[in-house]
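Okay, so here's the structure we're looking at.
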Amino acid sequence: MDFTVLTIFPEMFDLFWQHGIIVKAAAKGQLRAGVFNIRDFARDKHQVTDDRPYGGGSGMVMKPEPLAEAIRSARLQSPKSRTVLLSPQGRTLDQKQAQAFASSEGLILICGRYEGIDERINQSFIDEEISIGDYVLMGGELAAMVLMEAVARLIPGVLGNEDSAQTDSFAGNLLEHPHFTRPPVFEGEAVPEVLRSGNHKAIDQWRLEMSLIRTFLKRPDLLKAKRLSRQDIDILKKWCHDIENIIEAQSSSDTDSLSGSG
Ligand code: 4GX
């Protein structure tokens, strides 16, 4: 993976490059990360990167010339990379898109500031426009970091725990089961007995059941989109059955339960 960031605030990435996943992947040669300061590509004396918008109005727009030059330089260095603009107008980043990026050769990430970039850059230089969510940031830098972190951890061999990216939330439209570590009792709350049983089949079954119920309660949209396995269906049917039994037991013992008087 080859990440190239284009920004007027390259120092914002200093700590990010030094952080865990990126450093490890770079050390293993699985990732190359670099940053271009767009200001370095401005030709005028004061190296101006923004200008007033045609048509008037408040705010500034990033000038096209320095951006175009920066993108051309990045492409010379990384000819196989796709050029991505971070913008609220982009397609919302999700795990599927992150997977797709992870299997690409590289990404040139354009971080806009102010009101955005000259539209002609958008038309002629941008392969993909990505948003990290429906809220407004001050610039694309944090969005680029979010995207890179989501992508980097999916590169095979980058995460220490090989299958943890696969068993993650969203990998199969399923939320993660709860996790516990020592101590066995914390502030009066005990770890579920099954997790301490050593019965791995029972543990797997419990975890799948927890994942399904969490997804049903917290993100029913994901459960709806999920391709259910035989085992998933059996668990869901068991709940339906258990719930029906509870209702049955009520209505046979208390015939008034539906009239609301009891
Ligand atoms: N997900 N912003 C970019 C300036 C801008 C506007 C239009 C290019 C085109 C954002 C987001 C985000 C704020 C970053 C506006 N640049 N980026 N910036 N949400 O809100 O990605």
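The values are calculated or read from the model by the stated rules, or taken from the named source; none is laboratory data. Because the structure is predicted, anything quoted here is derived from the model rather than measured. Because the Cβ atoms are built from the backbone with ideal geometry, glycine has one as well, and the counts that use them run over all protein chains shown.
Restricting the first residue to the stretch 124-135 and requiring it to be under 21 Å from Glu105 (Cβ atoms), which pairs with a second residue that is more than 12 Å from the ligand (Cβ to nearest atom) and not in a loop (DSSP other than H, G, I, E, B) meet a Cβ separation below 7 Å and a spacing of at least six or different chains?
Listed by first residue and then by second, the contacts come to Phe125/Ala68; Phe125/Ile71; Phe125/Thr83; Ile126/Thr83; Asp127/Arg82; Asp127/Thr83; Glu128/Arg82.
Please go through the stretch 206-234 and give me each residue that is assigned to a helix (DSSP H, G or I) and loosely packed, with under 15 Cβ neighbours inside 10 Å, ordered by number. Steps first, please.
Going residue by residue through the stretch 206-234, those that are assigned to a helix (DSSP H, G or I) are 206-218, 220-225, 230-234.
Leu217, Lys218, Pro220, Asp221, Lys224, Ala225, Arg230, Gln231, Ile233, Asp234 - these are the residues of the stretch 206-234 that are assigned to a helix (DSSP H, G or I) and loosely packed, with under 15 Cβ neighbours inside 10 Å.
So which residues in the stretch 116-155 are assigned to a loop (DSSP other than H, G, I, E, B), closer than 23 Å to Trp17 by Cβ and more than 8 Å from the ligand (Cβ to nearest atom)? Don't jump to the end; show me each part of the working.
Taking the stretch 116-155 and keeping what is assigned to a loop (DSSP other than H, G, I, E, B), we get 116, 118, 126-127, 132-140, 153-155.
Checking the rest, the ones that are also closer than 23 Å to Trp17 by Cβ come to 132, 137-140, 153-155.
Passing the criteria: Arg153, Leu154, Ile155.
Does any residue of the stretch 63-79 turn out to be under 30 Å from Gly172 (Cβ atoms), more than 14 Å from the ligand (Cβ to nearest atom) and surrounded by fewer than 19 Cβ atoms within 10 Å (Cβ to Cβ)?
No.
If you go through the stretch 92-115, how many residues are charged (D, E, K, R), in contact with an Asp or Glu (Cβ under 8 Å, 6 or more places away or on another chain) and more than 10 Å from the ligand (Cβ to nearest atom)? Working first, answer last.
Initial filter on the stretch 92-115 (charged (D, E, K, R)): 94, 96, 105, 113, 115.
With the extra rule that they be in contact with an Asp or Glu (Cβ under 8 Å, 6 or more places away or on another chain), the set shrinks to 105, 113.
When the remaining residues are screened for being more than 10 Å from the ligand (Cβ to nearest atom), the result is 105.
The number of residues fulfilling the criteria is 1.
Name the single residue that is modelled with the highest pLDDT among those in the stretch 149-167 being surrounded by 18 or more Cβ atoms within 10 Å (Cβ to Cβ), more than 11 Å from Phe101 (Cα to Cα) and not small (Gly, Ala, Ser).
Restricting to residues being surrounded by 18 or more Cβ atoms within 10 Å (Cβ to Cβ), more than 11 Å from Phe101 (Cα to Cα) and not small (Gly, Ala, Ser), the top hit is Arg153.
Could you go through the stretch 39-48 and let me know if any residue there is assigned to a helix (DSSP H, G or I) and within 13 Å of the ligand (Cβ to nearest atom).
The answer is no, given that none of the residues of the stretch 39-48 is assigned to a helix (DSSP H, G or I) and within 13 Å of the ligand (Cβ to nearest atom).
Search the stretch 12-38 for residues being part of a helix (DSSP H, G or I) and not hydrophobic (A, V, I, L, M, F, W, C), and hand back the single one that is farthest from Glu149 (Cα to Cα). Quick ask: steps written out before the conclusion?
Of all residues in the stretch 12-38, those part of a helix (DSSP H, G or I) come to 12-17, 20-27, 38.
From what is left, the residues that are not hydrophobic (A, V, I, L, M, F, W, C) are 14, 20, 24.
Values: Asp14: 14, Gly20: 10, Lys24: 13 Å.
Among those residues, the one meeting the criterion is Asp14.
Taking into account only those residues within the stretch 84-98 that are of a type outside the set (A, V, I, L, M, F, W, C) and touching a strand residue (DSSP E or B) at 6+ places or on another chain (Cβ under 9 Å), which is farthest from Met148 (Cα to Cα)? Let's see the steps before the verdict.
Within the stretch 84-98, the first condition is being of a type outside the set (A, V, I, L, M, F, W, C), and the residues that meet it are 87-92, 94-97.
Applying the additional criterion that residues be touching a strand residue (DSSP E or B) at 6+ places or on another chain (Cβ under 9 Å) yields 87-92, 97.
Numbers: Ser87: 15, Pro88: 17, Gln89: 19, Gly90: 16, Arg91: 16, Thr92: 14, Gln97: 12 Å.
Taking the candidates together, the pick is Gln89.
Which of the residues spanning the stretch 190-224 are small (Gly, Ala, Ser) and out of contact with any helix residue (DSSP H, G or I) (no Cβ under 6 Å at 6 or more places or on another chain)? Walk me through how you get there before you give the answer.
Our first condition is that a residue be small (Gly, Ala, Ser); within the stretch 190-224, this holds for 190, 197-198, 202, 211.
Hits for the stretch 190-224 are Ala190, Ser197, Gly198, Ser211.
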